Structures are given as structure tokens and as C-alpha cells.
1. Scan the range 91-141 for residues that are free of Cβ contacts under 8 Å to residues at least 60 places away in the same chain, touching a Gly at 6+ places or on another chain (Cβ under 9 Å), within 26 Å of G55 (Cβ to Cβ) and not in a helix (DSSP H, G or I) and report the count.
2. What are the residues in the range 84-141 that are touching a helix residue (DSSP H, G or I) at 6+ places or on another chain (Cβ under 8 Å), under 17 Å from G63 (Cα atoms) and hydroxyl-bearing (S, T, Y), if any?
3. Would you mind finding the one in V30, V13, V50, V84 that is modelled with pLDDT of 70 or more and touching a Gly at 6+ places or on another chain (Cβ under 9 Å)?
4. Quick one: count up the residues across the range 33-47 that are farther than 14 Å from V138 by Cα and either surrounded by 15 or more Cβ atoms within 10 Å (Cβ to Cβ) or modelled with pLDDT of 75 or more (or both).
5. Which of the residues that make up the range 58-80 are surrounded by fewer than 19 Cβ atoms within 10 Å (Cβ to Cβ) and either within 16 Å of T90 (Cβ to Cβ) or basic (K, R) (or both)?
Amino acid sequence: AINDFNTANGTKVAVTALTASVDATAKQDVFYFPTKVTTAPDVTIGGTAVAFGAGDSIVLGSGYTFNSGALSTGNNAALEVFFVKSANGTQVVIESNAVGSATTVAGADGTITSSNETAVINLVGVTADHLSFNNGVVSYV
């Protein structure tokens, strides 16, 4: 169904499963995980060709709460999403369980170095002030 959608909307929208690092396209990109986030499928969007930008989004699904604080401010009773500055952009840190941020470690430059209970999406060249989180969707604004 995803391939059919992409074929039918080839000049407008691209829907892509996040299973490996990818580049965005010139279209409006919609990225999603093909299965529930349960481990650490760390990926990078952008970097070599087209970066995550205007009109692009990442669908995480319902059940997540946005935490605008540091990883250390995590709520152990909620699945959370954080935006963390990294050496080359912003990382979208998605907990796979409600205490995931407690075990996630960031280096001195902010880059996540260990993330056994989170998925990390590195958005190369994107600053957190260009991102929003609403209704389970991370969008470039």
C-alpha cells in the first residue's frame, strides 16, 4: 500500500519506513517506523543530499508526550519524546518504555552515546526551534 501511495503521489509526497539512515527528498516526506519502537533503531535523516525540511514529518503515533526539558527531567510514568541538540543537528529521542530517558547517555557535545531504551533519529542540519510535536507527529515548521 505504501508503494502504491508513493507511485500515485510521486510528485507530491514520499512515505518512507525508517529502517536505516535515509535522505529526504524534494517532496514532502513522511517518515514512520514500520513496527512499534521497542529497541534502539537509531537512524539519520539528511546529511548527504536533502535534509529534513519544510513539509516533512515523522509519524510516531499516539501515546507519546513531548518533554521540552533535558533527558534528566523525564517522567518515569509516561512515554516521552525529547529534542536534543547534537554536534551536527537535533536528535529526536523516542522512549521505548516510560523510563528510557533515565538510561540514555549523552556525550559532552550533546550527542547520544548510549540508548538501549530509546530510538534516536538524528536530523542533520536541523535546529530544535524548527521542530514541533503534535498528536504523535514531529514536523518541520
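1. Matching residues across the range 91-141 total 4.
2. Scanning the range 84-141 gives S101, T118.
3. V84
4. Start the filter on the range 33-47 by keeping residues that are farther than 14 Å from V138 by Cα, which leaves 34-44, 46-47.
Checking which are either surrounded by 15 or more Cβ atoms within 10 Å (Cβ to Cβ) or modelled with pLDDT of 75 or more (or both) leaves us with 37, 40-44, 46-47.
Looking only at that region, the number is 8.
5. F66, S68, G69, A70
The values are calculated or read from the model by the stated rules, or taken from the named source; none is laboratory data. These figures come from a predicted structure and were not determined experimentally. With ideal geometry, Cβ positions are generated from the backbone for all residues, glycine too; neighbour counts draw on all protein chains shown.
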